[in-house]
Amino acid sequence: MNETGLDPGIDHMLAMQIFDEVREKGGKISSFVSFCGGLPAPEHADNPLMYKFSWNPRGVLLTTINGAKYLENGQVHEIPTGGELMHLGPKITKVDFLEGFNLEGYPNRDSLTYRKLYGIESAHTVLRGTLRYRGFCHRITGLLRLGLINSQPHTSLHPQGPDITWKQFICNLIGQNSEILTENLKQILKEKMGLSTTQIITLEQMDLLSDKQILKKENPFDTLCHYLSKRLVYGPGERDLVVLRHAVGIEWSPDKFEHRHVEMVCYGDSNGQTAMSRTVGLPAAIATRMILDGEIQDKGLLLPIKRDIYQPILKRLAAEGIKATEGSKFFE
């Protein structure tokens, strides 16, 4: 049983639950927009990126330089790899739900593959995206412009090379003398590198313009990953948050339409399990138990997109406190 965590996993199940119902009742799916994100709870989003790691740091940063493909009003759009996603993402994806969280989103890889997987070829819009707190993408763009999210080896970062500080490395990246005053360096970052005041403050607050020594990992990307994995961590008593949201357009007849949404918001236990560990681990554990108990008879590589698989899992997740709410609006 594959893709039986949160995203992918619970997102598959909640989506298929709607799609199967609509098909049975004679409707068709006209659009599907899905977002999911693992975040620190708002009261603990207390660093410049407003983010803390509840899973693989390298995987998190890789999503910022991935490409993406999605369908909007019948037109396929592609964003190339390399960081354009952080610049274009929030402009493309208007996050107008759960406004108290002040979220933004960006497309996540190739959304078009889900048209066939879900059987929603009728949809003119299909987009799956990632959620972050508003401002995350702009701040990450500053790191990208400096070349800090670059996996090419850098001579200054060879583990056997001389010691180097973050300020020295930033100067190296932009071709400046490392003896420059920090205030002058900030001015150059603004005037010559085009960084905004917010992006420069982000660098400063994360000590990336400081005399703190770097633990070198061959290239800027892995060096930054290691640094942030130690810095953007959950402290004692802090909790995380998972937000998942599907927005589905449904056509019941030529003159009757429905906008339906399903939302799931889960908080971690500040003195126990994280929301990420529960929403990833519990569905996988439930599916494993179903296989062992013979409830799942199908053979081969499976996904939780069949009703006799996703319904029992969603029911048991609800008993564990992991459940979604629905809302809808009809119009003609």
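The values are calculated or read from the model by the stated rules, or taken from the named source; none is laboratory data. Computed from a predicted model, the values in this text were never measured in an experiment. Please note: Cβ atoms are built from the backbone with ideal geometry, for glycine as well, and neighbour counts cover all protein chains shown. For the accessible areas, the whole protein counts, side chains as well, though only heavy atoms, and no ligand, DNA or RNA atoms are used. Shrake-Rupley method; radii C 1.70, N 1.55, O 1.52, S 1.80 Å.
A few comments on the model shown:
- A count restricted to the stretch 89-110 and to residues that are within 13 Å of THR130 (Cβ to Cβ), open to solvent by 40 Å² or more (accessible area, probe 1.4 Å) and either among the acidic types (Asp, Glu) or assigned to a strand (DSSP E or B) (or both) stands at 1.
- Among residues of the stretch 19-36 being among the β-branched types (Val, Ile, Thr) and crowded, with 21+ Cβ neighbours inside 10 Å, the one that is nearest to GLU326 (Cα to Cα) is VAL33.
- Candidate set: the stretch 273-309, residues that are of a type in the set (S, T, N, Q) and either in contact with a strand residue (DSSP E or B) (Cβ under 8 Å, 6 or more places away or on another chain) or in a loop (DSSP other than H, G, I, E, B) (or both); chosen: the one surrounded by the most Cβ atoms within 10 Å (Cβ to Cβ): THR279
- Meets criteria (of a type in the set (Lys, Arg), touching a residue at least 12 places away in the same chain (Cβ under 8 Å) and exposed (fewer than 14 other Cβ atoms within 10 Å of the Cβ)) for LYS230: no
- Filter result for GLU258 (in contact with a helix residue (DSSP H, G or I) (Cβ under 6 Å, 6 or more places away or on another chain) and touching a residue at least 40 places away in the same chain (Cβ under 8 Å)): no
- Flag for MET86 being part of a loop (DSSP other than H, G, I, E, B) and either aliphatic (A, V, I, L, M) or buried (at least 19 other Cβ atoms within 10 Å of the Cβ) (or both): no
- Extreme residue, nearest to ASN2 (Cα to Cα), among residues of the stretch 310-332 that are free of Cβ contacts under 8 Å to residues at least 40 places away in the same chain and surrounded by 15 or more Cβ atoms within 10 Å (Cβ to Cβ): PRO312
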